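Novice: Have a look at the structure that comes next, please.
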Amino acid sequence: MTKILLTNVCKPYYNGDLYTDFFTYRSTIEDCIFALSGMFSCFGLHFLANNLDTPTKVVEFPSKDDFINELKEGYDFVGISFSTIEMERLKEMCLIVRKHSPKTKIIIGGPGVQNKYTKLKTIYFNPDRHADYVCYGEGVNFFRKILGLKPKNKINYPTNLVGETTLLSLKNFTPPLPSIMKTGYVYTGLGCNHHCIFCVPSAFFKHHINLNSAEELYSIIKNIHSVILKSKNY
Ligand code: SF4
């Protein structure tokens with residue numbers, strides 16, 4: 001049976017440990033006492049894995065050694081998500097796959113592919129050396145097409161992912177203080193209708209696309225809430 005590995009780029013990251021702390025490096029500007037800090041999963045990778053109907057393993061934030069060891073499990077496809085600033089690391093990972101698992105096909109995706117008409121096309125999309133496929137935009141049906149599966153209209157949400165959030169000012173206490181908030185993940189749709197010229201989601205999808213009806217979203221949020229209530233330290 002076809003085996004798929006999904007991952008983001010390997011450590012070390014350009015901003016160190018902050019890479020996994022969405023609140024601190026993306027959403028909090030000032031270093032004030034109310035600044036938040038939170039560890040979040042790579043939701044997009046889990047979202048893909050939940051909708052491929054094929055054995056798919058998600059490995060988040062691997063080291064290069066982790067990645068090489070994981071490749072030894074023998075995957076037919078490896079999907080790597082990356083952003084523009086991570087292109088050199090992506091290239092290294094592609095070469096690692098070619099060296100340690102030459103039969104594995106490489107699919108690259110994420111915000112970094114926005115460069116496909118410029119740098120990516122000339123430097124990266126060389127099937128002999130780097131990626132075999134470039135996923136530009138929505139990934140579920142892109143993967144399903146490659147796997148020979150029918151397109152999927154009804155999306156399965158990964159409802160078991162719970163983010164931990166606390167105050168940045170409390171984070172470095174010893175022993176560490178429990179998180180003050182659990183966070184679920186809900187994607188209501190793809191793209192955006194505002195068309196800001198610098199925005200990747202807007203460029204990918206042109207306009208906003210709803211993924212679920214309001215009723216479905218309500219039920220998804222209820223499921224996620226019940227998972228959060230059952231999780232530790234709530
Ligand atoms: S187009 Fe992008 S940056 Fe602009 S409002 Fe929408 S999501 Fe935000």
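The values are calculated or read from the model by the stated rules, or taken from the named source; none is laboratory data. Remember, it's a predicted structure, so these values are computed and weren't measured experimentally. Cβ placement follows ideal geometry from the backbone for every residue including glycine, while neighbour counts extend to all protein chains displayed.
Novice: Output the residues belonging to region 196-216 that are within 16 Å of the ligand (Cβ to nearest atom) and among the charged types (D, E, K, R).
Specialist: Result: LYS206, single match.
Matching residues to (1) free of Cβ contacts under 8 Å to residues at least 40 places away in the same chain; (2) surrounded by 14 or more Cβ atoms within 10 Å (Cβ to Cβ):
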site	(1), (2)
CYS192	yes, yes
CYS196	yes, no
HIS208	yes, yes
LEU211	no, yes
GLU215	yes, no
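Novice: Between a residue in region 140-163 that is in the same structural domain as VAL78 (by TED's automatic domain parsing) and buried (at least 17 other Cβ atoms within 10 Å of the Cβ) and any residue that is polar (S, T, N, Q) and assigned to a loop (DSSP other than H, G, I, E, B), which pairs come within a Cβ distance under 6 Å, given they are 6 or more apart or on different chains?
Specialist: As it stands, the answer is VAL140/ASN51, since those pairs meet every condition given.
Novice: Kindly establish whether ASN193 is more than 16 Å from the ligand (Cβ to nearest atom) and not small (Gly, Ala, Ser).
Specialist: Answer is no for this residue.
Novice: Confirm whether ILE80 is β-branched (Val, Ile, Thr), within 23 Å of LEU190 (Cα to Cα) and in contact with a strand residue (DSSP E or B) (Cβ under 9 Å, 6 or more places away or on another chain).
Specialist: In short, yes.
Novice: Here is a further query. Do the conditions hold for GLY148, that is, is it away from the ligand (no atom under 16 Å from the Cβ) and either at pLDDT below 85 or not charged (D, E, K, R) (or both)?
Specialist: yes
Novice: Quick one: which of ILE220, ILE228, ILE224 is modelled with pLDDT under 85, under 20 Å from GLY44 (Cα atoms), aliphatic (A, V, I, L, M) and more than 16 Å from the ligand (Cβ to nearest atom)?
Specialist: The match here is ILE228.
Novice: Determine, yes or no, whether ASN212 is within 21 Å of the chain's Cα centre (by Cα) and either within 13 Å of TYR157 (Cα to Cα) or not in a helix (DSSP H, G or I) (or both).
Specialist: So ASN212 fits the description; yes.
Novice: Would you point out the residue of region 61-90, among those that are closer than 24 Å to TYR136 by Cβ and surrounded by fewer than 16 Cβ atoms within 10 Å (Cβ to Cβ), that is modelled with the lowest pLDDT?
Specialist: Top of the filtered list is THR84.
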